[in-house]
Amino acid sequence: MAKRPRIIVTRRLPAPVENALEETFDVHLNTQDTPFDAEQLHGAFRQADAVLCTVGDRVTAAVIGRPPMRARLLCNFGVGTDHIDLDAARSAGLTVTNTPDVLTDCTADLTIGLMIMVMRRMEEAVNELRAGLWTGWRPAHMLGARVSGRTLGIVGFGRIGRAVARRASHGFGMRVLFHTRNVPPPETYRPLGAQPAASLDELLATCDVVSLHCPAGPDTRHLIDADRLARMRPDAFLINTARGDVVDEAALVAALRERRIAGAGLDVFEGEPHLSPALAALDSVVVLPHIGSASLETRTAMGMRALDNLRAFFAGEVPPDRVTG
């Protein structure tokens, strides 16, 4: 019987995924579910035929650039690969895969949820109630902003951005503008009730809500900085379910403190998993711990997609979600 490829998994995955992995491979699971440090990650690449990592693992040149290295495949649990040094992976002869498509709806749902939470001040209201500070209904209490009929600006118009546009337009009657590097043909965006903005600056100045869905990278780091925040209206809200470093967090804190924008809903933030005290102290912010894809159905589907890539690679086929290699 042929020896089964050895796979090291850096974090706990949904039980159906771990069980399926163990049926096919010699799997080493991280039963403690504690993050690997750089040395542990480097050791995984030396000891396994493939490493199944997550967005919380920093796969740098220092991790994968030191021989000897046994691994030939880096299977990423997630779509974004900004935590992986792809150039170093190429140099090391690593094939890199990801798990696209399956988390679109879950992340779009959460985006709409964040928008409602921050605009209607729902977290503030819950905190007041739990603290025993609510004294009863009154007309001028906890006034937020209506969601329906507002103008939503979407920055980045890939799968998730389009799914958010559909929900906002068809579900809430919102006018939807979008900005993206390459504008798709009208037959792509018109059925979603969306239209392209003339520029990012116009979108920021026009919209009641701005939602970020662009990939992370050198071109988008601090895309929303102090200057761009200054272009937003003082009654506007910023939503980020993309990546934390797309927003200059210090500039965002300053804009919120000075009430130059009305609020922010964040599923991602700079310095994850460490939330800055300055951001945490603001009542006008709703912050979630990067749970955009965190439904059992979606995380299981992501794991099964990763399993498909592993199976294809070790069968001598091209993995369906190959990023590089």
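The values are calculated or read from the model by the stated rules, or taken from the named source; none is laboratory data. Bear in mind the structure is a predicted one, so any value in this text is a computation, not a measurement. When we count neighbours, we look across all protein chains shown, and the Cβ atoms used for this are built from the backbone with ideal geometry, even at glycine. Remember, those area values only see protein heavy atoms, side chains included, never the ligands or the DNA or RNA. Shrake-Rupley method; radii C 1.70, N 1.55, O 1.52, S 1.80 Å.
Structure notes:
- Near pairs, Cβ below 7 angstrom, 6+ apart or cross-chain, from the range 259-288 (among the charged types (D, E, K, R)) to any residue that is assigned to a loop (DSSP other than H, G, I, E, B) and surrounded by 20 or more Cβ atoms within 10 Å (Cβ to Cβ): D267/T241; D267/G292
- Within the range 168-218, the set of residues being open to solvent by less than 60 Å² (accessible area, probe 1.4 Å) and of a type in the set (D, E, K, R) comprises D201, D208.
- All conditions in (1) open to solvent by 30 Å² or more (accessible area, probe 1.4 Å); (2) touching a helix residue (DSSP H, G or I) at 6+ places or on another chain (Cβ under 8 Å); (3) not β-branched (V, I, T) hold for F313, with the sole exception of (2).
- Checklist (1) over 20 Å from L13 (Cα atoms); (2) surrounded by fewer than 17 Cβ atoms within 10 Å (Cβ to Cβ); (3) without any contact (Cβ under 8 Å) to a residue 24 or more places away in the chain applied to P234, failing item: (3)
- Helices (runs of 4 or more DSSP H) completely within the range 153-249 that count 2 or more residues being closer than 16 Å to D82 by Cβ: none
- Qualifying positions in the range 37-59 - surrounded by fewer than 22 Cβ atoms within 10 Å (Cβ to Cβ) and not aliphatic (A, V, I, L, M): D37, E39, Q40, H42, G43, R46, Q47, D49, T54, G56, R58
- Single condition V247 does not satisfy, out of (1) farther than 20 Å from N98 by Cβ; (2) open to solvent by 40 Å² or more (accessible area, probe 1.4 Å): (2)
- Residue in the range 102-110 that is open to solvent by 70 Å² or more (accessible area, probe 1.4 Å) and modelled with pLDDT of 95 or more present: yes
- Residue match in the range 135-143 (condition: open to solvent by less than 60 Å² (accessible area, probe 1.4 Å), more than 25 Å from L238 (Cα to Cα) and not charged (D, E, K, R)): yes
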